[in-house]
1. When the stretch 130-155 is examined, which residues are found to be β-branched (Val, Ile, Thr) and out of contact with any Asp or Glu (no Cβ under 9 Å at 6 or more places or on another chain)?
2. So which residues in the stretch 145-167 are surrounded by 23 or more Cβ atoms within 10 Å (Cβ to Cβ) and either in contact (Cβ under 8 Å) with a residue 40 or more places away in the chain or part of a helix (DSSP H, G or I) (or both), if there are any at all?
3. Go through (1) surrounded by fewer than 18 Cβ atoms within 10 Å (Cβ to Cβ); (2) assigned to a helix (DSSP H, G or I) for residue 142 and report which single condition fails.
4. Residue 95 versus (1) at pLDDT 95 or above; (2) in a helix (DSSP H, G or I); (3) of a type outside the set (Lys, Arg); (4) loosely packed, with under 11 Cβ neighbours inside 10 Å: which is the lone unmet condition?
5. For the stretch 164-195, what are the residues that are β-branched (Val, Ile, Thr) and either in contact with a strand residue (DSSP E or B) (Cβ under 9 Å, 6 or more places away or on another chain) or over 20 Å from residue 141 (Cα atoms) (or both)?
6. Taking the options 18, 44, 107, 122, name whichever one is modelled with pLDDT under 95 and surrounded by 13 or more Cβ atoms within 10 Å (Cβ to Cβ).
7. Among the residues of the stretch 248-262, count how many are free of Cβ contacts under 8 Å to residues at least 24 places away in the same chain and surrounded by fewer than 21 Cβ atoms within 10 Å (Cβ to Cβ).
8. Can you find a residue that is under 22 Å from residue 137 (Cβ atoms), in contact (Cβ under 8 Å) with a residue 12 or more places away in the chain and of a type outside the set (D, E, K, R) anywhere in the stretch 206-224?
Amino acid sequence: MTGARVAGRAAEVHEVVTDAVAAVDGMIAAPLGEVGKLAAAVATGPGELRPDQNPNRPPRKPRVPEPPLPDDVTGQELDRSVHHQLRTLTKENAEGVARHLVMVAATLAADETQLALAHAETAVRRAGRVPAAREALGMVAYRMGDYNRALGEFRTVRRLSGSSHLLALMVDCERGLGRFDRALELASSPEARTLTAAEREELTIVVSGVRRDMGQDAAALVALQGPGLRRKGAFRLQYAYADTLAALGRADEALDWFTRAALGDVEGETDAVERVEELQGTVQTDLLEGDDSEESGAEDSLGTEDPDVR
């Protein structure tokens, strides 16, 4: 290469570098808005549209309207532990989420499941990483029989909180989905050993229900037997035991355990009282039928003349 050609090549390189430096200087000196435009131009290239200018881009979904909140619901009705979870939110958002959670409980108690669902979904949209919000949505889905969705929410609660207190409900969701083997496997997982006495009692009831759904009534009865069965206040466990006895045709024993459950169920959470009355009526009817047959036999004997007596 001759000296003239080398010199010419060097001049071209110098010109390119100079232009590049000038362009960078222009971007630095430009207002922030102009820098954004320059960056967009570089990113899209000449003649291309930015994503927000693309006519083929689907429109953004409109914001879902939130269900109204009564003025007398403040959110302070929630347990302190729930308020502790809400501390990760802004004060305004935490107050709104708390009020929606209160309404979830209130509407579920009134059996207004669709309204409860709206409040729970709103709470999750505003506080998706708060375990109490996900648990509320799971509870509503569980009440509505949407076991797949409920199971997903309960799993999320377990992941966020590290707690397995919803294990019995998770097992019952597997049961509701007809996955009995998975339900029993989950019930016997190491997590079950971390439950409180009350939580283990609920899990025992669910496991018994799984066995009954599988047509194993005898195994269901065995699952309920344990030291907690005679514990004061264990009326739900006693009710399940009585109901299983009734299914096995052991009416007298069922009556005894339904009576125990009715005495413990002071709030009327179960229909133990009605089951007692039903079984008592059955027993009385059986006794009356026995009396009728005896009386009929006595009348027949009185009306029949002994041929040896004249």
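The values are calculated or read from the model by the stated rules, or taken from the named source; none is laboratory data. The structure displayed is predicted, hence computed values, not measured ones. All Cβ positions, glycine included, derive from the backbone under ideal geometry; neighbour counts span all protein chains shown.
1. 130
2. 150, 151, 153, 154, 157, 167
3. (1)
4. (4)
5. Result: 194, single match.
6. 44
7. Looking only at that region, the number is 5.
8. yes
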